[in-house]
1. Just tell me, in residue order, which DSSP H segments of the chain are both 27 angstrom or longer along the helix axis (alpha-carbon based) and at least -1.0 in mean Kyte-Doolittle hydropathy.
2. Would you work out the charge dipole size for the chain about its Cα centre, treating the Cβ of every Lys and Arg as +1 and the Cβ of every Asp and Glu as -1, and quote it to the nearest 20 debye?
3. Remind me, what semi-axes does region 133-190 give for its equivalent ellipsoid, largest first in whole Å, using sqrt of 5 times each Cα gyration tensor eigenvalue?
4. Can you give me the distance in nm between label points at SER74 and ALA211, each placed 7 Å from the Cα along the Cα-to-Cβ direction?
5. Relative contact order of the chain: what whole-number percent is it, with Cα pairs under 8 angstrom and at least 6 residues apart?
6. Just flag the GluC sites (Glu not before Pro) in region 1-85 sitting in loop per DSSP whose Cβ has no more than 15 other Cβ atoms within 10 Å.
7. Could you give the dipole magnitude of region 147-213 about its Cα centre, charging the beta-carbon of Lys and Arg +1 and that of Asp and Glu -1, in debye to the nearest 20?
8. Can you pull the one-decimal nm distance between simple spin-label points at THR166 and ILE89, each 7 Å off the Cα toward Cβ?
Amino acid sequence: MKYLIIGCGRMGTGVTAALLRKGHAVALVDKSPKIAEQLEPRLREHFVEGSAFDREVLIRAGIEHADGLAAMTSNDEVNVIAARLARIIFHVPRIVARLYDPRKRELYRRLGIQVAATLSWSINRCVDLLSYSELEAVASMGHGEVEIVQVEAGALLEGHKVGSITVPGEVLVVALSRHGKTFLPSPETALHRRDVIHIAVLTASAERLRAILGLP
């Protein structure tokens, strides 16, 4: 898969390195040519110099075929504009923007942008949001400590009870959608194939949830 990372700070380079380790194609965009000289050799070859607002730079970086974009600069306004350009102009399907000012969280959410808050989110969590399509985050609560995610029940979950997904204090199924209708299940409710499961999960417990669901 192809990803664009905007900004060569610690978060941007960390996300880039993590995606490369997973075998993805990545372009690391920054307007400062001096930044490239400071990058590790394995990251330098993926560096694209230029502004995140320059259409030609973004096209050169591969945004027309990108599966996701992470705006990771040190400026909230730059991040949200870059994210909106990617969504509206280039129709990039998965977008994450770093957020320094928590008061702007609701604005980002209304714009349909996943938020990576500096204190409560990690590089791995940003990578999950960009590249992990089976488990989709639909809402973030507090300062990112809790998320509402959804996943479609496949063959491995068919017939299992909702209670088998619950981990007290970490993971809780809050709703099920079945045949176009959403309802509140009990722990004894059996899962049907193609049910959409809505789950509240601590961000720190995301790996545990994936293991419970049998996801890679």
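1. Flagged H segments: there are none.
2. Computed charge dipole of the chain: roughly 160 debye.
3. 20, 14, 12
4. Result for the modelled spin labels: 3.8 nm.
5. Worked out over the chain, it gives 14 percent.
6. Listed in order of number, the matching sites are GLU45.
7. Working: 7 positive and 7 negative charges, 38 e Å.
Charge dipole of region 147-213: 180 debye, to the nearest 20.
8. So the label points at THR166 and ILE89 sit 4.9 nm apart.
Just so you know, all these numbers are worked out from the coordinates, no wet-lab data involved. Bear in mind the structure is a predicted one, so any value in this text is a computation, not a measurement. Cβ sites come from the backbone with ideal geometry, for glycine too, and all protein chains shown count toward neighbours.
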